[in-house]
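Only one structure is covered here, and it is reproduced in the block below.
Every read-out reported here was derived from the displayed coordinates using simple, explicitly stated rules and does not represent laboratory data. Note that the structure is predicted; figures quoted are calculated from it, not measured. Ideal geometry is used to build each Cβ from the backbone, glycine not excepted, and the neighbour counts take in all protein chains shown.
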Amino acid sequence: MRRPASAAPACTPLVALSIILFVASTLACTDGAFGKESESQQVPPNVILVVVDDLGWMDLSCQGSDYYKTPNIDRIASEGLRFTNGYAACAVCSPTRAALQTGRYPARIGVTDWIRSLFQRGNLGTPAQNPTEYVGGNNRKMLCPPNPYWMEHNEVTVAEVLGSHGYKTAYIGKWHLGDESWYPPGQGYDENRGGCDYGQPPSYFDPYNQPKHRHPMIRAGIPSLPGRKQGEFLTHREADEAVELIRQWKDEPFFINLGHYAVHTPIQAIETVAAKYKQDGKSDVNAKYAAMVESIDDSTRQILKTLAELDLDDRTMIIFTSDNGGLDNGGRPTENAPLRSGKGYAYEGGIRVPFLVRWPGHIKPGTESDTPVCSIDVFPTILDAAGVPAPANREIDGLSLLPLLKSGGVTGLDRDELIWHFPHYRHAPGPYSILRKGDWKLIQFDEGISELYDLKNDLSESNNLTEKQPDKVKAMQNRLSAILESMDAKRPRPNPNFSR
């Protein structure tokens, strides 16, 4: 008799067993959106945060450059997710580094400019407390809040939180968040390999010093990173330190913050590498800078190779970014076009940076997202991935990117605005704050100048729309002011002694 089409076929014991085995194997292989979710819940993931110093938005081949060669960094993008609207929390280094450590805006922390190292403060030494008196000469229209000499210990760092939940933690490379008591060990890190108050290395070649410098610290080299092999390039040494710790901690969860000193000045490079980049239209400085970028790629290759060798790929999230935009002085040492300007400036060239995340088995390979993200988001993202709660006794400005990352860039963020605050004189026309809301960007200079740009249609910020959009300018000014006030941000004041 013919069985009706809707009827189920007879199920013999052998067929039933086959179905059970198939379902069980399928569940084991697909228990998670892109991989071994159940395993990750049992074993906390490792995290490697790579922060390059002064790396510009266009300084990687995966970002569109046809000059820089970065195949290993490109792997992080091709095997993970690349944010096209990635931002540093400031156009200079120390504020962004503070934001990365805490998930808080520099305006809230109070670190809003780069920190002057001990050797840059004359005979002042380490004062009993951070300065509080406003500064400015009679030739300045505004008096500005002083920048501190360190990030205060009452800030809670990602290392402190992870360390209290069983993670081994290490800092390698540039720290630049204060004097010796505020070096990485004073901020929760188990290991410190080269983190100090330096904003740049005395030299990129071992023993990393300037033997004739007036200050004994510069003559000695980099604290906690003594010379070992004459002439060894600093970036390669940093990579070796990272690999050593990965091997040492392979059986327990770890967090390694690899803060490369490159590609900050001094622009120094291995000559044979720089020679590959010498071509028409490029200066020797361009070639050396490209060689420095390649050294970051070398480091990335070494780390990726080690993770694969130790079977740690699926258990390790890598976040790769920069502390501010590239230094662009007429195309030297790099060129940020199509972005306007570079490091230190309020324009996109100063704050927009590469922002890549790789976590095999958890992030869909080759994904891109145009969602604006920022340094402040790194702290909550790492904690969320680790299954560790953020501190409840303080405001965290950043958002976890994990839902967005795991959805392949589909899930949005409950946020449509980012702010920047730089209450200091660096470039004309002086101190500024920024609000990006949707695709609109307001730059509000404290001396009274406003600039408004539509980033969707004017990425190079060439068309100031303040006169055409006065209502939008006013609304964004009010919103920016309200945000800064809510953070108790220190803002410039009129200078009563100002004289032209």
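The table below gives the values:
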read-out: Loop-located trypsin sites (Lys or Arg not before Pro) in the range 244-314, at most 14 other Cβ atoms within 10 Å (DSSP); value: 278
read-out: Whichever aspartates and glutamates have a C-alpha closer than 18 Å to that of residue 406, once near sequence neighbours (fewer than 8 apart) are set aside; value: 31, 37, 39, 79, 313, 314, 368, 370, 377, 384, 414
read-out: Sequence-distant residues sharing a close amide H with residue 104 (under 5 Å, placed H); value: 397
read-out: Stretchable slack from residue 250 to residue 471, in nm (0.36 nm times residue separation minus alpha-carbon distance); value: 73.9 nm
read-out: Qualifying GluC sites (Glu not before Pro) in the range 435-500, DSSP loop, other Cβ atoms within 10 Å at most 11; value: 467
read-out: Placed amide H near residue 322: partners under 5 Å, 5+ positions off or other chain; value: 52
read-out: Mean ellipticity per residue at 222 nm, deg cm²/dmol - from DSSP H runs of n ≥ 4 across the chain, formula -39500 (n - 2.57); value: -8000 deg cm²/dmol
read-out: Label zone at residue 132 (point 7 Å along Cα-to-Cβ), backbone N below 19 Å, the range 148-183; value: 148-155
read-out: Rounded to whole Hz, the Karplus (6.51, -1.76, 1.60) HN-Hα couplings of the range 482-487, x for glycine and proline; value: 5, 5, 4, 5, 5, 8
read-out: Two-site label geometry, residue 368 and residue 215: point separation in nm, points 7 Å out along Cα→Cβ; value: 4.3 nm
read-out: Estimated vicinal HN-Hα couplings, Hz - the range 368-378 in sequence order (Karplus 6.51, -1.76, 1.60; Gly, Pro = x); value: 10, 9, 9, 5, x, 10, 8, 3, 4, 7, 5
read-out: Long-range amide H partners of residue 191 with built H, under 5 Å; value: 169, 170, 171
read-out: Unit charges on C-beta of K, R, D, E only; dipole of the chain, Debye; value: 620 debye
read-out: Label corresponding to volume of the Cα convex hull per residue in Å³ when calculated from the structure given, among [x] 154; [y] 208; [z] 186; value: [y]
